[in-house]
Every structure is written in C-alpha cells, then in structure tokens.
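The values are calculated or read from the model by the stated rules, or taken from the named source; none is laboratory data. Everything quoted here is computed from the prediction, not taken from an experiment. No Cβ is skipped: glycine too gets one built from the backbone with ideal geometry, and neighbour counts run over all protein chains shown. Note: accessible area is taken over every heavy atom of the protein model, side chains too, but ligands, DNA and RNA are not part of it. Shrake-Rupley method; radii C 1.70, N 1.55, O 1.52, S 1.80 Å.
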Amino acid sequence: MSEMSFDQMLDESFKTIHNGEVVEGTVIDVKEDEIILNIGYKADGIITRSEYTNESNVDLRNLVQVNDKMEAKVLKVNDGDGQVVLTYKRLAAEKGNKRLEEAFNSQEILTAPVVQVLTGGLSVVVEGTRVFIPASLVSDTYEKNLEKYAGQEIEFIITEFNPRRRRIIGDRKQILVARKEQMQKELFERIQPGDVVDGVVKNVTDFGAFVDLGGADGLLHISEMSWGHVENPKKVFKVGQKLTVLIKDINGSKIALSLKFADQNPWLTAGEKYARDSIVEGKVARMTDFGAFIELEPGVDALLHVSQISHNHVNKPSDILKVGQVIEAKVVDFNGEDHKISLSMKAIENQAPVQASDDEEAAMDESEEE
C-alpha cells in the first residue's frame with residue numbers, strides 16, 4: 001500500500017462540498033464589495049456584493065464583521081481561481097419563500113417592516129423576500145397618502161403566493177376588517193341606551209360628528225351637541241378629540257349619541273332664575289317677523305314678541321334689534337313644563353303688569369314647531 005502525499009492527506013482532512021449545498025462559515029475578511037468565509041474546505045468561500053444584497057452601492061463592511069457566523073449556498077465549488085463562489089442572498093430568498101409558503105397555507109398573520117412606499121402600494125420584506133401589499137389592501141378605509149407607513153412594522157397575511165412569477169401578495173385590510181367586526185360585536189354586547197361611554201371624534205360634518213366608540217361609530221347630531229344652539233359643528237369639534245357621550249338610542253347598527261346629559265339640563269333651575277316679574281338679561285339669538293328669541297343661557301331661549309319691544313309701533317324686530325345684541329327685559333310669563341318664557345322690554349318702562357298676549361302664545365307655539 002503506497003503512502004499518501006502531504007497534499008493528499010491535507011485534502012482528506014477537509015470536507016467535500018457540492019454545488020447547491022448549504023454551508024456554514026466564519027467571516028475572516030470583509031472588503032467593500034466581498035465577504036471571505038472560512039467554510040472548513042480547502043478553499044475559502046467568496047460572497048460578492050451582488051450575491052449578498054440587492055443594494056448596488058452598499059459597503060459590506062458596514063453590514064458584516066470579522067468572526068460573524070453565516071450560512072451560504074454554494075454556486076461554484078471552483079471559480080477557476082480555486083475559490084468557492086457562495087450566495088447569501090439566494091439562500092435567504094429560498095428561506096423566505098419557504099417561510100411565506102407556510103404562512104400562505106396556514107393564513108398566519110405576519111409582521112414585517114415597510115421598506116418601500118410605491119405608487120400602487122407597499123413593499124415589505126420577510127426573511128429577505130419581498131411582499132407587495134396593494135394600496136387597496138393596506139387599510140379598510142381609503143388611504144390618500146401611504147408615506148406614513150414608511151419604516152413602520154405592519155401586520156398582513158399572504159393571499160397570493162407565486163414565487164416563480166415573483167408575485168407574492170399581502171393583505172392588511174382583511175385583518176383590520178376582521179378585528180373591527182369582532183370589536184363591533186363586543187361593543188354591541190356591552191352597551192345600551194342610557195350608558196355613558198368614551199369615544200374619539202372621527203369625522204365632523206355640517207349636521208353632526210361621528211364618534212369612534214371602539215368597534216363602531218356613533219352619530220352625535222348637531223341637535224344633541226349642547227343644550228344650547230350649535231351653529232357649526234366644525235367650530236366646536238376637531239378630529240381626534242376625546243369625548244364622553246351619552247348613548248341616546250341604538251337602532252340595528254346605528255348608534256345615536258348625545259351630550260345633553262339630564263343632570264345638566266338648564267331648565268331644571270330655570271324656574272328659580274327666570275321667575276315671573278324678574279328682570280333678566282339675554283342675547284338676541286334669532287329673529288322672525290313676529291318676534292325675537294333671546295338666549296338667556298345656553299339651552300334656555302325666551303320669546304320677545306314684537307308687541308313687547310317698545311311702546312312705539314314696531315313693524316318687525318330687525319328694525320330695532322340685531323342678532324348678538326344684549327338686551328334687558330322683564331319675564332311676563334314662565335311655563336317650565338313646556339319650556340316657554342315670554343319677555344317684555346317695554347314692561348321695564350311701564351311698571352304696570354304685562355300679560356303675554358294671545359299673539360305671543362301663538363308665536364311660542366309656532367317656534368316649538370320649528
């Protein structure tokens with residue numbers, strides 16, 4: 001039996017490798033555009049920048065350090081110069097594809113950072129593999145600007161998996177819809193008319209505000225925003241504002257809200273403040289041909305009939321008064337049950353008792369119908 005040469009014995013001491021094999025190695029040197037690995041083979045392994053990342057201008061010295069442990073896949077056992085050509089990028093992509101295929105089959109919820117905001121959606125990376133989330137599947141509501149997601153970690157599921165065509169589609173909308181449905185179910189199970197709950201203003205319109213109650217939106221109609229008169233909801237409420245609201249009614253999936261809490265009803269104490277024959281001060285809130293409505297306090301209006309404005313003949317209230325003007329008058333009639341108060345300005349000058357006329361009563365009734 002012939003003795004082996006030193007080179008033969010050295011070769012025997014190293015493991016054998018094959019194209020396509022996954023090897024593990026230790027980084028022994030890093031250059032700007034390549035990584036050198038000791039893979040336990042007679043030749044070192046080389047990972048070029050293009051086989052490490054898709055970024056063309058990145059400096060590998062900023063990403064990898066000497067003595068780092070790495071796995072890579074063998075592309076060529078011998079590149080012609082005696083070195084082993086390796087790929088890190090393709091191995092990572094294979095692992096990523098396998099991970100995504102498993103998630104696709106199980107419909108697992110994945111979490112990954114948004115690495116790029118595109119015109120038509122978002123790009124995220126899972127273990128080196130890119131997933132595209134179309135703009136229509138990013139949220140359950142229309143998103144005008146996707147830039148806010150840049151760099152964020154988001155949850156999604158894989159709804160289409162076709163790595164051969166490089167088509168891997170994610171869906172975030174499905175998760176949000178399912179969670180909202182669950183939250184809505186739980187919300188309706190625990191709330192009922194008369195409950196006081198916390199919410200956040202989601203949208204403000206000319207007729208009211210929509211308040212997110214955590215699972216469903218409730219409508220706070222303009223007529224329920226205050227015991228007083230609200231002219232423009234957009235001047236009172238802002239999106240994102242926190243509110244404590246009263247659930248007035250629930251009709252199917254519709255929730256009616258109110259800020260008119262019973263214990264804050266100004267008519268509870270109006271009888272003491274605006275007793276008959278008392279002198280009061282108020283602000284002209286609005287006018288009609290038959291009289292002016294005077295706001296004594298938010299939620300309490302009184303009628304100053306045109307016949308009670310002055311001893312002189314007045315054709316219409318706007319000839320004498322202006323909206324916003326503060327006036328002083330005498331209470332000539334108080335009806336707490338029907339929430340009606342009649343005032344007289346001329347009664348202050350004429351101390352003789354002044355009774356509410358039939359015309360005033362009819363005007364008050366007409367205002368109630370408005």
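Take the chain with all the other protein chains still there, run a 1.4 Å probe, and you get 59 Å² of accessible area per residue.
Over the chain, dividing the summed -39,500 (n - 2.57) contributions of all DSSP H runs of at least 4 residues by the number of residues returns a 222 nm mean residue ellipticity of -5000 deg cm²/dmol. Charge tally around Asn162: other residues with Cβ under 14 Å, Lys/Arg +1 each, Asp/Glu -1 each, net +3.
Each Cα pair of region 42-177 feeds into the Kirkwood radius, which the Stokes-Einstein equation turns, at 20 °C and 1.002 mPa s, into a diffusion coefficient of 128 µm²/s. Nonpolar atom fraction for the chain, defined as the carbon and sulfur part of the 1.4 Å probe accessible area, stands at 46 percent. May I ask you to derive the FRET efficiency for Ile250 and Glu108 from their Cβ-Cβ distance with R0 = 41 Å, giving the value to the nearest 0.05? Step by step, r from the Cβ atoms, then E = 0.70.
Highest mean packing comes first when the peptides 247-255, 196-204 are listed by Cβ atoms within 10 Å, giving 196-204, 247-255. Tilt of helix 358-369 relative to the longest C-alpha principal axis of the chain, in degrees (0 to 90, nearest 10)? It is inclined by approximately 10 degrees. What whole-number distance in Å separates the alpha-carbon centres of region 49-113 and region 138-211? Centre-to-centre distance over Cα atoms comes out at 34 Å. Annotation: amide H of Thr288 within the under-5 Å range of Phe293, sequence separation 5 or more or interchain, hydrogens built in the peptide plane. Computed over the chain, the quotient of the alpha carbon radius of gyration and 2.2 N^0.38 Å is 1.87. Between region 218-252 and region 257-291, the C-alpha centres lie 20 angstrom from each other.
For the set Leu122, Leu75, solvent exposure ranked by accessible area (probe 1.4 Å, protein chains only) runs largest to smallest as Leu75, Leu122. Classify region 274-318: rounded, prolate or oblate, from the alpha-carbon gyration tensor (a ≥ b ≥ c, eigenvalue square roots; a/c under 1.5 rounded; otherwise prolate if a/b is larger than b/c)? Note, shape of region 274-318 comes out oblate.
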